[in-house]
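Worksheet for the structure shown next.
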Amino acid sequence: MRKYPMRLAFLAMALILVLSACGAPPATEAPAEEPAATEAPAATEAPAAEEGGFQIPDIEDGKFNVAMVLIGPHDDGGWSQAHYEGLLYVEQNVPNVHVAYIENVPEGADSEQVFRSLSRKGFNLIFGTSFGFGDPMQAVAEEFPDVMYIHLTGINSNQTNFGNLMGAMENMKYLAGMLAGARAKLDGNPKLGYMATFPIPEEIRLGNAIALGMRKTCPECTMDVRWINTWHDPIIEKEAAASLFDAGAQVVFTGADTPAVADVAQEKGKWGVTYDWYGSCKVDACLTTPYWVWGPIYATITEGVIAGTYIPGWDYFDAETGALGLFGFMEGQEMQPGAAELDPAVITMVQDLLAQMLAGDFTRFDVFTGPINDNQGNVVLPAGQSLEQVDLDAFPEFGLPCSIPVCMKWWAEGITAELPE
Amino acid sequence: MDAIIILQAGVATGTVLLFATIGELFAERSGVLNLGVEGMMLIGAMTAFSITIATGNPWIGVCMAMLAAGLLSQIHAFITITLLADQVVSGLALTFVGTGISLVLGEGLSKAGTVALLPSFSIPVLAQIPLLGAIFFTKQSILVYIGYLLTPLAWYYINRTRGGLHLRAVGEYPAAADALGLNVFRTRYFYVFVGGMLAGLAGATISLAVAPGWFSELTTGGQGWIAVGLVIFAQWDPLRAAGGSYIFGALRRLILDIQGPTILLGFKNPFYYNPYWGFFLQMLPYAFTVLVLVIGSREAIRKRLGAPAALGEPYIRGERGL
């Protein structure tokens with residue numbers, strides 16, 4: 001009796017550690033999203049039926065009811081907040097619509113219950129804003145053919161009531177890359193850094209867009225990469241930013257959520273480029289922010305679904321929808337101090353290109369138009385040839401019919417990193 | 001990859017583990033295993049950050065963090081020392097309580113922006129020492145320097161003073177200590193409180209110095225558990241605890257920095273050529289903790305490692321001693 005409790009205790013602790021590690025946010029191949037904080041799930045709107053610990057909001061009769069399922073808190077200052085603001089935009093701009101959201105919903109079985117409950121309640125349109133909601137949404141969509149499901153960042157669609165939605169953030173990253181290249185050149189330290197999350201096509205695509213932009217304004221610039229294997233971990237993000245700055249980077253980009261790169265840049269007297277939400281560019285060391293504006297695109301989809309004209313599929317939008325932004329360069333915004341000091345020719349170039357993007361004259365395919373070389377000296381795209389949609393989100397091993405053999409598995413010239421094997 | 005920069009950053013992040021580990025070491029030396037380190041650190045981090053926002057003075061933040069975490073630890077002390085409950089169960093519960101309280105009270109804090117931080121500075125003469133000066137004495141937070149002082153002081157206190165003798169006596173053979181007139185209960189309460197205060201200081205070190213801010217439970221990210229493992233690894237010795245803490249601190253940065261160079265010791269650097277390898281390194285501190293805990297679960301090994309004999313045993317007056 002005397003001896004065993006301690007032994008059991010230590011083994012129990014070891015077990016708990018292992019289990020909690022397994023329960024940590026899964027490192028799946030998910031496009032930009034926030035893995036759930038495991039805190040208590042909260043609900044919103046009128047307290048109503050409870051399903052698996054989630055308060056399922058009520059619908060309003062006689063209105064078109066829109067629900068949104070968020071993986072993180074609605075005020076996370078990043079990914080989820082940008083979506084939440086898009087939902088509010090729908091409420092204010094589409095007539096006769098009632099909106100509701102559920103936050104902190106983990107991916108997997110829990111989310112399937114949430115989607116099913118929302119459907120049973122009578123919601124007409126349901127948005128799910130995380131990669132891991134895809135399979136549950138698709139399963140529930142089979143059961144409720146009258147409800148429309150829109151999945152963000154995913155890969156599947158049934159083309160009747162389960163659709164996919166994503167945007168060409170590479171446009172804005174390209175412009176930000178131009179600014180960062182010019183900034184590094186001006187500071188006499190032609191080196192950038194890119195804090196990437198997971199080795200997936202999306203992160204490589206966005207990194208390549210940054211590098212292509214960088215080379216426009218600073219042909220001698222190079223870019224370091226650090227993989228952090230998380231979408232959201234403020235401490236690791238800070239350490240990775242510090243690691244990149246200490247390795248000599250002058251401007252550091254993040255593919256993860258928090259504004260850590262800008263905070264660390266502020267300490268180190270360098271520059272950071274944050275991501276996701278326009279409000280994340282707070283400190284002076286923040287050069288700019290490529291961000292999402294989901295409102296208009298959500299409103300268009302909602303109106304289309306109400307009118308019965310929206311056909312779900314693989315909806316991939318460009319900047320002319322107004323759903324993408326570059327902080328400091330959009331209407332009514334002031335440039336960050338670090339951007340305002342740049343060569344006026346560069347600023348004009350960025351502004352012109354942005355105007356073209358907003359007009360729909362410069363798209364993601366123009367970003368990825370040859371001549372493009374990879375960092376091994378191979379030609380990825382000869383002059384005049386462009387990538388196609390299928391190339392953007394694929395690796396060769398996915399078996400998709402890419403237009404070039406490497407799909408998106410290449411690093412652009414100037415990136416000092418290797419590909420995942 | 002600059003080794004000096006990695007070690008410099010490692011010493012700073014390692015200071016978090018140092019405080020937590022030495023705090024837990026004090027509690028365990030008195031015979032009380034407190035698994036609530038993670039929860040107490042979170043309370044400390046949250047309190048330090050929110051009090052600093054409210055008062056504008058990070059020192060008040062640090063003091064309140066230590067007090068708050070110390071008070072939290074007294075729940076564990078009461079349950080295990082007075083009510084004689086199982087220390088493991090109570091300690092785990094303390095982690096949940098601490099995490100929960102800090103999440104509720106810390107809601108909204110993550111968007112508070114920047115606060116006054118603790119000062120960082122170089123030590124004039126010592127910073128000139130080649131290599132060591134750059135690593136240990138250049139532009140470090142004042143808490144890092146406090147860590148340097150705490151380590152030898154803790155060792156000296158435990159091994160060379162009357163108070164330390166009492167502490168060890170209570171942890172090794174409480175019945176004998178009691179017979180000699182030591183108040184076992186009061187001593188254990190006190191050192192559990194000390195452990196709590198140091199865990200609170202560890203939390204404050206994160207939120208006011210190493211990675212300023214409050215980021216819910218991601219703030220500590222399991223470091224409290226690593227501290228518990230480090231105490232065993234350190235064989236309940238503060239000097240070894242300090243070494244282990246700094247090594248783990250440096251490892252955190254190394255995981256990222258090692259992705260930089262193409263050549264490592266004359267070989268192709270696998271961490272550069274395949275980013276998936278980084279997962280393995282990230283796992284190491286936690287795998288180490290699991291391993292140490294499994295090894296530490298063997299009574300014989302624990303004895304050989306030098307664990308306090310009465311660790312984990314509630315002391316019941318009048319019952320036969322160990």
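Does the stretch A:373-387 include one or more residues that are of a type in the set (Gly, Ala, Ser) and either within 20 Å of A:Asn164 (Cβ to Cβ) or surrounded by 15 or more Cβ atoms within 10 Å (Cβ to Cβ) (or both)?
yes
Looking at the stretch A:108-125 only, could you name the residues that are of a type in the set (D, E, K, R) and closer than 13 Å to A:Gln138 by Cα?
A:Glu112, A:Arg116
Residue-wise test of (1) within 14 Å of another protein chain (Cβ to nearest Cβ); (2) touching a residue at least 60 places away in the same chain (Cβ under 8 Å); (3) surrounded by 21 or more Cβ atoms within 10 Å (Cβ to Cβ).
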site: B:Thr95; (1), (2), (3): yes, yes, yes
site: B:Lys111; (1), (2), (3): yes, no, no
site: B:Phe136; (1), (2), (3): no, yes, no
site: B:Ser141; (1), (2), (3): yes, yes, no
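What is the number of the single condition among (1) surrounded by fewer than 23 Cβ atoms within 10 Å (Cβ to Cβ); (2) modelled with pLDDT of 85 or more; (3) over 26 Å from B:Ser102 (Cβ atoms) that B:Asn274 does not meet?
(2)
Yes or no, residue by residue, for (1) within 14 Å of another protein chain (Cβ to nearest Cβ); (2) of a type outside the set (A, V, I, L, M); (3) surrounded by 23 or more Cβ atoms within 10 Å (Cβ to Cβ); (4) farther than 24 Å from B:His166 by Cα:
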position: B:Gly61; (1), (2), (3), (4): no, yes, yes, yes
position: B:Leu71; (1), (2), (3), (4): no, no, no, no
position: B:Ile79; (1), (2), (3), (4): no, no, no, no
position: B:Ile101; (1), (2), (3), (4): yes, no, no, yes
position: B:Val104; (1), (2), (3), (4): yes, no, no, yes
position: B:Ile123; (1), (2), (3), (4): no, no, no, yes
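Which residues, taken from the stretch B:212-237, are part of a loop (DSSP other than H, G, I, E, B) and in contact with a Pro (Cβ under 7 Å, 6 or more places away or on another chain)?
Hits for the stretch B:212-237 are B:Gly213, B:Leu218, B:Trp236.
Closer than 18 Å to A:Gly295 by Cα and hydroxyl-bearing (Ser, Thr, Tyr) - does that describe any residue in the stretch A:356-371?
no
Considering only the stretch B:283-310, state which residues are crowded, with 20+ Cβ neighbours inside 10 Å and under 19 Å from B:Arg168 (Cα atoms).
Selection gives B:Arg302, B:Ala307, B:Pro308, B:Ala310.
For the stretch B:244-301, which residues satisfy the criterion of being among the hydrophobic types (A, V, I, L, M, F, W, C), assigned to a loop (DSSP other than H, G, I, E, B) and facing another protein chain (nearest Cβ under 10 Å)?
Result: B:Ile258, single match.
On the given criteria, is A:Leu175 among the hydrophobic types (A, V, I, L, M, F, W, C), surrounded by fewer than 24 Cβ atoms within 10 Å (Cβ to Cβ), part of a helix (DSSP H, G or I) and modelled with pLDDT of 95 or more?
Considered against the rule, which asks whether it is among the hydrophobic types (A, V, I, L, M, F, W, C), surrounded by fewer than 24 Cβ atoms within 10 Å (Cβ to Cβ), part of a helix (DSSP H, G or I) and modelled with pLDDT of 95 or more, A:Leu175 comes out as no.
Does B:Leu182 qualify as being buried (at least 16 other Cβ atoms within 10 Å of the Cβ), in a loop (DSSP other than H, G, I, E, B) and without any contact (Cβ under 8 Å) to a residue 60 or more places away in the chain?
yes
Cβ-Cβ below 7 Å, separation at least six or inter-chain, first residue in the stretch A:396-415 and at positive phi, second part of a helix (DSSP H, G or I) and of a type in the set (Gly, Ala, Ser): which pairs?
A:Gly414/A:Ala211
Out of the residues in the stretch A:235-266 that are among the charged types (D, E, K, R) and at the interface with another protein chain (Cβ under 10 Å from one of its Cβ atoms), which is surrounded by the most Cβ atoms within 10 Å (Cβ to Cβ)?
The residue in question is A:Glu237.
In the set A:Met330, A:Met357, A:Met335, which member is part of a loop (DSSP other than H, G, I, E, B) and under 20 Å from the mean Cα position of the chain (by Cα)?
A:Met330
Determine which member of the set B:Gly312, B:Gly318 is part of a loop (DSSP other than H, G, I, E, B), at the interface with another protein chain (Cβ under 7 Å from one of its Cβ atoms) and not hydroxyl-bearing (Ser, Thr, Tyr).
B:Gly312
Would you say A:Asn189 is buried (at least 24 other Cβ atoms within 10 Å of the Cβ), out of contact with any Gly (no Cβ under 6 Å at 6 or more places or on another chain) and not in a strand (DSSP E or B)?
So A:Asn189 fails the test.
The values are calculated or read from the model by the stated rules, or taken from the named source; none is laboratory data. Since the model is a prediction, treat every value here as computed from it, not as a measurement. Because the Cβ atoms are built from the backbone with ideal geometry, glycine has one as well, and the counts that use them run over all protein chains shown.
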